[in-house]
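I have placed the structure first, in the form of structure tokens, so that the comments after it can refer back to it.
The values are calculated or read from the model by the stated rules, or taken from the named source; none is laboratory data. Given the structure is predicted, the values throughout are model-derived calculations rather than measurements. Neighbour counts run over all protein chains shown; Cβ positions are idealised from the backbone, glycine included. Each accessible area value is taken on the protein alone, full model and side chains, heavy atoms only, with ligands, DNA and RNA left out. Shrake-Rupley method; radii C 1.70, N 1.55, O 1.52, S 1.80 Å.
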Amino acid sequence: VESHGRGHACLATLPAERRAADLTGARHDISGWLGRSPDGLAYPFGVAGVDVDDATREAARDAGYSYAVLNGGGRSNDRMAIPRAAVGDVAEDGLPDLFFRTLANRRPKTYLGEDGARPRRTPPRHT
């Protein structure tokens, strides 16, 4: 379990003091519930340059997060701006469909065969 902020506010639009309070408050809440502080943050809304700016990334770092993720693709060397796939709102009855469509679009892992050369689609069994 990681963090998504305390109030699901667009952090880039908050004054610095409120942004810091939201980020540190969320870490404090989760620490109280789980007995450990979260390492990661998924920025609310999370669009780079709109919902997340340099000050937001710095505030997340200052609040003690070791990494944070944005909505959207791309690449980043900044641990406070890691891109991730966005997941839209899904009604409860639509969740199974989303789950299975996502699985259908993934390639299965390929494992080495017992001789170390032939690929296989299932993990080897250890007896």
Quiz item: Once you put a point 7 Å from the Cα of D53 and another 7 Å from the Cα of R18, both along the Cβ direction, what distance in nm separates them?
Solution: 1.4
Quiz prompt | Solvent exposure ordering (accessible area, 1.4 Å, most first) of T56, T24, T13 | solution = T13, T24, T56
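On a 1.4 Å probe surface of the protein chains, which of R79, R84 comes out largest in accessible area, and what is the full order? List each step's numbers first, then the result.
Working: R79 140, R84 75 Å².
From most exposed to least exposed: R79, R84.
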Quiz item: What number comes out for the charge environment of A16, summing +1 per Lys or Arg and -1 per Asp or Glu over other residues with Cβ under 15 Å away?
Solution: -2
Quiz prompt | Residue-by-residue Karplus 3J(HN,Hα) for the range 56-61, coefficients 6.51, -1.76, 1.60, Hz, glycine and proline x | solution = 5, 4, 5, 5, 5, 4
Practice problem: Could you state how much accessible area H28 has, in square angstrom rounded to the nearest 10, with a 1.4 Å probe and all protein chains kept in place? | Solution: 130
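List the trypsin sites (Lys or Arg not before Pro) within the range 1-69 that fall in a DSSP loop (any state other than H, G, I, E or B) and whose Cβ has at most 10 other Cβ atoms within 10 Å.
Details: sites: R6, R18, R19, R27, R36, R57, R61; in loops: R6, R36.
Of the trypsin sites (Lys or Arg not before Pro), the ones in loops of the range 1-69 whose Cβ has at most 10 other Cβ atoms within 10 Å are R36.
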Practice problem: Leaving ligands, DNA and RNA out of it, work out the accessible area of S31 with a 1.4 Å probe and give it in Å² to the nearest 10. | Solution: 40
